[in-house]
Amino acid sequence: MDKLLVLGGAPLQGEVAISGAKNAALPILAASLLASHPVTIGNVPRLNDITTMLALLGDMGVHHSFDGKTVTIDASDIRRPLASYELVRTMRASILVLGPLLARFGQAVVSLPGGCAIGARPVDLHLKGLTAMGATIKVEKGYIHASASRLHGCRLVLDQVTVTGTENLLMAATLAQGRTIIENAAREPEVSDLAHFLVALGARIDGIGTDVLEVEGVRALNNAGNARDYQVLPDRIETGTYLTAAALTGGCIRTTCTRPELLDAVLAKLREAGAAITTGDHWIELSMPRRPKAVSFHTAPHPAFPTDMQAQLMALNTIAEGVGIITETIFENRFMHVLELRRLGAQIAVEGNTAVCTGVERLNGAPVMATDLRASASLVLAALAAEGETVIDRIYHIDRGYEQIETKFSQLGAEIRRIC
Ligand code: UD1
């Protein structure tokens, strides 16, 4: 099993190009199931989760090719609308094929994703919404069996803000009969990117970027020509991860191919920690001339502070001046990095969904274990700032969401390499 070996201590310097957003590319690939003609999607990151989504689509009979940046997909001919447990269990986002399959083919059999390390993560709101749109849904032997002759539009008020839930219902609504209104919709930029892609395909959607999405269903999405060369938006979490790494190591870096306005809440916290940040249309530069100050925040749906950056900012707090208090409000078990950060010398107390971190002067390298995607990123960041050598095990979690992480950090002057 691959591991990362990190020799900490060097301040990061230089420039790093940000990849396309995993969490936008995944729903967009699933949405290609709605298109009656081949589509071409650019700026797709080369990640294990993308490979899994393409394998899932391929298993259904979808033809596709991926050159490492651009995906071409032809979903005109589906053999079987089935997402099997073998693929779904490795990636929860597989549930995103449910809405498109049901809307276009009138049936879908999708494995229940089950729980995962960071929490139970049910899909009840996806199923409730589709049922309200006229689907018949049964859950049997671990599989969701959904059918509908044609979904119909209706008003949906989501009990809780859910990103993939909003995306599934949005995709389903594009081909439903009549108007669907999704209230309390997620406003994450990745939801908007999906909506823009759907509009390019011919969907009629109002309210993009707000928490009320209104969709006028159409018979077919056959404007694939307009969606040719659709570019996935930059990954705001990858951007924030590299910037936070620079802040931890007292470095100065520029992230390029990104969009500063996607990261307002994160940049505000990094500034509060003492970082000097300048931005242009497609770049962000950060330098940290001093020991960081600890920051406090709670995670919440966009535009508030993203749960996917919580672990990385906690890594920053471990070596900061003062005490930072972090409250996780989205997932019930998203502090697994705490135990591993403590192995590096961090002082963190956890009470329920709140972690209180008292910054120490320095961390010391140690063997640690990655437990989930963003927790793994926080370990890499802490290791880069720690004195001595850290070996991070189980980095397949990192490969799910960070493209060429060791290459990009090496370009920034870090001593990091992959070992077996
Ligand atoms: C997505 C992101 C993930 C991010 C998360 C929150 C993708 C592929 N993944 O995950 O990186 O951390 O948003 O920003 O985009 N919930 C229910 N019932 C449901 C659906 C959700 O109770 O039917 C709960 C979840 O358990 C969680 C909260 O709602 O507590 C938010 O989850 P959700 O936004 O759905 O997360 P994902 O879409 O799975």
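What to note about this one:
- Pick from region 82-99, criterion out of contact with any Pro (no Cβ under 8 Å at 6 or more places or on another chain) and not in a helix (DSSP H, G or I), ranking: farthest from residue 31 (Cα to Cα): 90
- Taking each residue of region 394-420 that is closer than 17 Å to residue 234 by Cα and open to solvent by less than 30 Å² (accessible area, probe 1.4 Å) and looking for partners that are among the basic types (Lys, Arg) and not in a loop (DSSP other than H, G, I, E, B) with beta-carbon atoms closer than 7 Å, six or more apart or interchain, yields 401/22.
- Count of region 109-146 residues which are free of Cβ contacts under 8 Å to residues at least 60 places away in the same chain, within 16 Å of the ligand (Cβ to nearest atom) and not in a helix (DSSP H, G or I): 14
- Residues located in region 60-74, provided they are touching a His at 6+ places or on another chain (Cβ under 9 Å) and either assigned to a loop (DSSP other than H, G, I, E, B) or surrounded by fewer than 15 Cβ atoms within 10 Å (Cβ to Cβ) (or both): none
- Of the strands (runs of 3 or more DSSP E) contained entirely in region 2-56, not one carries at least 3 residues that are within 25 Å of residue 84 (Cα to Cα).
- Members of region 295-342 found to be small (Gly, Ala, Ser) and under 18 Å from residue 273 (Cα atoms), listed by number: 296, 304, 311, 315, 320, 322, 324
- Boolean, residue 79 is part of a loop (DSSP other than H, G, I, E, B), among the charged types (D, E, K, R) and over 19 Å from the mean Cα position of the chain (by Cα): yes
- When region 167-206 is limited to residues that are among the polar types (S, T, N, Q) and either closer than 14 Å to residue 26 by Cα or surrounded by fewer than 20 Cβ atoms within 10 Å (Cβ to Cβ) (or both), the one that is farthest from the ligand (Cβ to nearest atom) turns out to be 177.
- Every listed requirement among (1) out of contact with any helix residue (DSSP H, G or I) (no Cβ under 6 Å at 6 or more places or on another chain); (2) surrounded by fewer than 24 Cβ atoms within 10 Å (Cβ to Cβ); (3) within 27 Å of residue 75 (Cα to Cα); (4) not hydroxyl-bearing (Ser, Thr, Tyr) is met by residue 235 save one, (2).
- If the condition is being in contact (Cβ under 8 Å) with a residue 40 or more places away in the chain, open to solvent by less than 10 Å² (accessible area, probe 1.4 Å) and outside any helix (DSSP H, G or I), then region 359-386 contributes 363, 386.
- Only one of the numbered conditions (1) within 16 Å of the ligand (Cβ to nearest atom); (2) more than 23 Å from residue 402 (Cβ to Cβ); (3) surrounded by fewer than 23 Cβ atoms within 10 Å (Cβ to Cβ) is not met by residue 51, and that is (2).
- Among the numbered conditions (1) open to solvent by less than 30 Å² (accessible area, probe 1.4 Å); (2) within 21 Å of residue 206 (Cα to Cα); (3) more than 10 Å from the ligand (Cβ to nearest atom), the only one that residue 102 does not meet is (2).
- Given (1) without any contact (Cβ under 8 Å) to a residue 60 or more places away in the chain; (2) surrounded by fewer than 16 Cβ atoms within 10 Å (Cβ to Cβ), index of the condition residue 355 fails: (2)
The rows are residues; the columns are (1) more than 16 Å from the ligand (Cβ to nearest atom); (2) within 17 Å of residue 245 (Cα to Cα); (3) open to solvent by 40 Å² or more (accessible area, probe 1.4 Å); (4) out of contact with any Phe, Trp or Tyr (no Cβ under 6 Å at 6 or more places or on another chain).
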{"position": "265", "(1), (2), (3), (4)": "no, yes, no, no"}
{"position": "270", "(1), (2), (3), (4)": "yes, yes, no, yes"}
{"position": "273", "(1), (2), (3), (4)": "yes, yes, no, yes"}
{"position": "284", "(1), (2), (3), (4)": "yes, yes, no, yes"}
{"position": "295", "(1), (2), (3), (4)": "yes, yes, no, yes"}
{"position": "305", "(1), (2), (3), (4)": "no, no, no, no"}
{"position": "311", "(1), (2), (3), (4)": "no, yes, no, yes"}
{"position": "316", "(1), (2), (3), (4)": "yes, yes, no, yes"}
{"position": "321", "(1), (2), (3), (4)": "yes, yes, yes, yes"}
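- Near pairs, Cβ below 6 angstrom, 6+ apart or cross-chain, from region 14-28 (touching a residue at least 12 places away in the same chain (Cβ under 8 Å) and open to solvent by less than 10 Å² (accessible area, probe 1.4 Å)) to any residue that is near the ligand (Cβ under 9 Å from one of its atoms) and in a helix (DSSP H, G or I): 21/190; 24/190; 26/93; 27/96; 27/167
The values are calculated or read from the model by the stated rules, or taken from the named source; none is laboratory data. No experiment lies behind these values; they were computed from the predicted model shown. Neighbour counts are summed over all protein chains in view; Cβ atoms, including those assigned to glycine, are modelled from backbone coordinates with ideal geometry. To get the accessible areas, we keep the full protein, side chains included, count just its heavy atoms, and leave off ligands, DNA and RNA. Shrake-Rupley method; radii C 1.70, N 1.55, O 1.52, S 1.80 Å.
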